[in-house]
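A short reminder: the numbers here are calculations on the coordinates, not readings from a lab. Quantities reported herein were computed from a predicted structural model and do not represent experimental measurements. In this analysis, Cβ positions are derived from the backbone assuming ideal geometry, glycine residues included, and neighbour counts consider all displayed protein chains.
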Amino acid sequence: MSAAPIDWRKANVRMALSINLGWIGADRFYDGQILWGTLKALTLGGLGIWWVVDILYYSNLAGKAEPARGWWWQNLRLGLGTAYGFLGIDRMYNGQVGWGIIKLITFGGLGVWWVIDNLYWANKAGKADPQRGWWWQHVRLTLSVTFGYFGVDRAYNGQIGLAILKLVTLGGLGAWWIADAAYYACVAGRRQST
């Protein structure tokens, strides 16, 4: 007998609560587990261990909750990868529990695995919206400003070769990074005014 389907909205809220406020049991309180939430809060997330375990668990559940794995799912995985990929949360969200645990233990392969995954996730997320509308333009702008020196914005564009070159040169020692961010800001602003 199969389990009841998980509401993807609730699963993603639970995951967000676990990541940001899980150390005080907010994820458990959201699930209605008052005793476990209180215990988790009193122990500060089991001195961090329970907190990390729940983050990985709830990330995995949230990733499984959206079977379509469309644009929203792809971009959320990218966001998790850029912010928390060094902890393996993006791999857990992707359903790859073993790789998520290894990535956590190695702290994102000391950053190397984290960067490679972000380029890959950005490329997949960018291709998930063929219209490349307003939202897509603003996600690309945000990626350019925050992680452009790693080439994540170019990977989102589907330009893997340029993404790797931008990564190796650290955004052209900043010049390429600034130029791309300014260009994407102009394109996103122009698109908004039309």
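Considering only 186, 94, 25, the residue lying farthest towards the positive end of the dipole of the chain is 186, judged by Cα position with unit charges set on Cβ.
Of the residues 84, 58, 30, the one that moves most in a GNM of the chain with alpha-carbon contacts below 10 Å is 30. Calculated FRET efficiency, residue 13 and residue 116, Cβ-Cβ r, R0 41 Å, to nearest 0.05? According to the calculation, E is roughly 0.90. Its Cα centre serving as origin, the range 54-160 has a Cβ charge dipole (Lys and Arg +1, Asp and Glu -1) of approximately 220 debye. Kirkwood hydrodynamic radius of the chain, from the reciprocal of the average inverse Cα-Cα distance over all distinct pairs: 17.7 Å.
Given Cα pairs under 8 Å that are at least 6 residues apart, what percent is the relative contact order of the chain? Value for the chain: 13 percent.
Dipole of the chain, Cα-centred, from +1 at each Lys and Arg C-beta and -1 at each Asp and Glu C-beta, to the nearest 20 debye? Walk me through the intermediate numbers first.
Working: 18 positive and 10 negative charges, 71 e Å.
About 340 debye.
Placing R0 at 25 angstrom, the Cβ-Cβ distance between residue 35 and residue 64 gives a FRET efficiency of 0.45 after rounding to 0.05.
Candidate membrane-span-like segments in the chain, meaning DSSP H helices with Cα atoms spread over at least 15 Å of their own axis and a Kyte-Doolittle mean of -1.0 or above, are 8-21, 49-65, 71-84, 112-127, 134-147, 175-193, with no membrane implied.
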